1. Can you give the relative contact order of segment 121-253 as a percent, counting alpha carbon pairs under 8 Å and 6+ residues apart?
2. Quick one, what does Rg over Rh come out to for segment 134-176 if you take C-alpha atoms and the Kirkwood Rh?
3. Nearest 500 deg cm²/dmol is fine: what mean residue ellipticity at 222 nm does the chain get from its DSSP H runs of n ≥ 4 alone, each adding -39,500 (n - 2.57), divided by its residue count?
4. Based only on other Cβ atoms within 10 Å, what is the fewest-to-most ordering of Ile157, Ile297, Ile119?
5. Kindly rank 28-37, 218-227 from highest to lowest mean number of other beta carbons found within 10 Å of each residue.
6. Using θ = phi - 60° and the Karplus form 6.51 cos²θ - 1.76 cosθ + 1.60, what ³J(HN,Hα) does each residue of segment 286-299 get, whole Hz, x for Gly and Pro?
7. Once the principal axes of the Cα atoms of the chain are found, what is the range along each, listed largest first in whole angstroms?
8. Explain nothing, just the number: relative contact order of segment 201-299, from Cα pairs under 8 Å at least 6 residues apart, as a whole percent.
Amino acid sequence: MIKVQVPATSANMGPGFDTMGVALSLYNTLSVVETEKDVVVEILGEKPQRLLNPKHHLIVETIDKLFQLAGKERNGLHLVCDNVVPFARGLGSSSAAIVSGLFAGNALLGNIFSEDDLIKIATEIEGHPDNVVPAICGGFTIACLTAQGVRHVKCAIPEEIQAIVAIPDFKLSTAKARAALPEAVPMKDAVFNMSRTAMVVAAALQGDFALWGEMMEDKLHQPYRFPLIPGADKVIAGAKDAGAISCVLSGAGPTMIAWVDNGKSIAVSEAMKQGFTAAGISCETKILTVDNQGAKILP
Ligand code: HSE
């Protein structure tokens with residue numbers, strides 16, 4: 001049996017739209033056994049209806065794509081997906097599915113694909129690299145699409161930096177959240193984000209996490225998405241008042257993520273919950289850390 005563990009991820013980190021991301025200590029696990037024929041998929045935990053047909057299952061499609069690229073025929077498969085990462089909430093559930101399929105498929109093929117190959121294939125399937133790169137590599141990552149492929153840099157984040165996620169009780173598809181974005185943005189907003197993205201990266205590399213959080217401001221995507229997320233403004237204000245160094249949209253939302261470097265995670269978590277509650281939205285909060293390892297095959 002092949003068993004793969006893949007972390008949840010939070011993309012954008014404020015200003016780094018489609019570029020920066022982080023792996024979190026929340027995991028999906030996939031077990032795969034080869035069989036004589038057919039594909040059977042069992043799903044534990046998070047169980048969106050559209051995932052139940054094995055013919056249109058993202059993990060199966062990803063394994064098939066890898067076999068196709070390798071020019072190999074696959075056997076039947078029995079998959080057990082233990083899904084913990086919530087679906088369509090901005091925590092990288094589709095990247096977790098793609099990466100688990102790639103790791104399992106690569107193991108079935110005798111690990112013929114390198115990490116860079118898997119990053120390239122995952123990015124092609126997902127459409128942008130900011131979730132799949134941290135899901136594969138772990139840590140805080142910066143990724144860039146070039147003519148040569150996906151270039152990336154990883155920076156480990158210490159355990160004392162905590163991530164508090166507030167996951168509201170409604171789904172928001174990435175497609176809908178991307179449709180809210182404008183075709184063009186003012187030059188001054190682009191400069192605002194460029195300067196902050198560079199500062200977030202520099203601060204992480206210097207280990208200055210107060211500056212890291214302070215610089216997570218954005219004008220390229222959050223202002224256009226907040227109307228889709230009732231209470232987002234209250235969650236941010238509450239988290240910062242309670243001591244968070246920053247609070248931003250996780251990926252395309254609707255989850256909000258706050259960063260804490262001072263042990264005030266419980267107070268921040270309560271404040272975020274109150275922010276959503278004040279807007280009539282119930283939510284679940286989790287106190288997490290950064291997973292610095294990324295996807296792995298379990299023994
Ligand atoms: N960078 C992506 C977005 C992440 O914000 O749309 C969501 O998958």
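What follows is calculated from the coordinates using simple rules that are stated; it is not laboratory data. If you're wondering where the values come from, they're calculated on a predicted model, not measured in any experiment. Please note: Cβ atoms are built from the backbone with ideal geometry, for glycine as well, and neighbour counts cover all protein chains shown.
1. Reported relative contact order: 18 percent.
2. Expressed as Rg/Rh, it is 1.10.
3. Calculated at 222 nm, the ellipticity per residue is -10500 deg cm²/dmol.
4. So the residues, fewest neighbours to most, are Ile297, Ile157, Ile119.
5. 218-227, 28-37
6. After applying 6.51 cos²θ - 1.76 cosθ + 1.60, I find 9, 9, 10, 10, 7, 8, 8, 9, x, 4, 8, 7, 7, x Hz.
7. 58, 41, 38
8. Result for segment 201-299 is 24 percent.
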